[in-house]
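The values are calculated or read from the model by the stated rules, or taken from the named source; none is laboratory data. Here the structure is a predicted model, which is why all the values come from computation and not from measurement. All Cβ positions, even for glycine, are placed from backbone atoms using ideal geometry, and neighbour counts span all protein chains on display.
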Amino acid sequence: MKTHLITRAMAALIVVLGLALASSAASAAAKGQSCGGLVPITCGPDQFCQLPAGKCKGADLKGMCVKVPAVCPKNIRKVCGCDGKTYNNDCERQMARVNLDHTGPCKKTY
């Protein structure tokens, strides 16, 4: 009976520690810091979590907090976002807070 009580107490402690970790990890990361992951760490309001290029899908992917640009140049160097949309340049993609799938236009799907 004592073993059963100890096991239940340890299980409760693990749950409490897990919840504490999850709530502390939910705070906003600063620019240039790691974000995302299993216990998602979010970025500040003027930032987004940029994943490595081509990593559009996955539950536990980690990225870096980057500042969302306020203004973009008018140059045309098309990139494909993870949302399947072609952007005129990488700055416009970042302004939309979309991760990069690949350079060049997105392939059309029919």
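Looking only at the stretch 24-52, filter to residues that are surrounded by fewer than 14 Cβ atoms within 10 Å (Cβ to Cβ) and within 22 Å of residue 92 (Cβ to Cβ); which one of those is modelled with the lowest pLDDT?
Here the residue is 31.
Show the residue pairs meeting these rules: Cβ distance below 9 Å; 6+ apart or different chains; first residue within the stretch 60-79 and within 12 Å of residue 47 (Cα to Cα); second residue surrounded by fewer than 16 Cβ atoms within 10 Å (Cβ to Cβ) and acidic (Asp, Glu).
As it stands, the answer is 67/46; 68/46; 70/46, since those pairs meet every condition given.
Name the residues in the stretch 87-110 that are in a loop (DSSP other than H, G, I, E, B) and either over 17 Å from the mean Cα position of the chain (by Cα) or on the phi < 0 side of the Ramachandran plot (or both), would you?
Hits for the stretch 87-110 are 88, 89, 96, 98, 99, 104, 105, 106, 107, 108, 109, 110.
Checking the structure you have, find out if any residue of the stretch 67-86 is assigned to a helix (DSSP H, G or I), at pLDDT 95 or above, surrounded by 14 or more Cβ atoms within 10 Å (Cβ to Cβ) and touching a Pro at 6+ places or on another chain (Cβ under 8 Å).
Within the stretch 67-86, not a single residue is assigned to a helix (DSSP H, G or I), at pLDDT 95 or above, surrounded by 14 or more Cβ atoms within 10 Å (Cβ to Cβ) and touching a Pro at 6+ places or on another chain (Cβ under 8 Å).
Looking at the stretch 10-18, is at least one residue assigned to a loop (DSSP other than H, G, I, E, B) and either of a type in the set (Val, Ile, Thr) or modelled with pLDDT of 90 or more (or both)? Lay out the reasoning, then the answer.
Residues of the stretch 10-18 that are assigned to a loop (DSSP other than H, G, I, E, B), as a first pass: none.
Checking the stretch 10-18: not a single residue is assigned to a loop (DSSP other than H, G, I, E, B) and either of a type in the set (Val, Ile, Thr) or modelled with pLDDT of 90 or more (or both).
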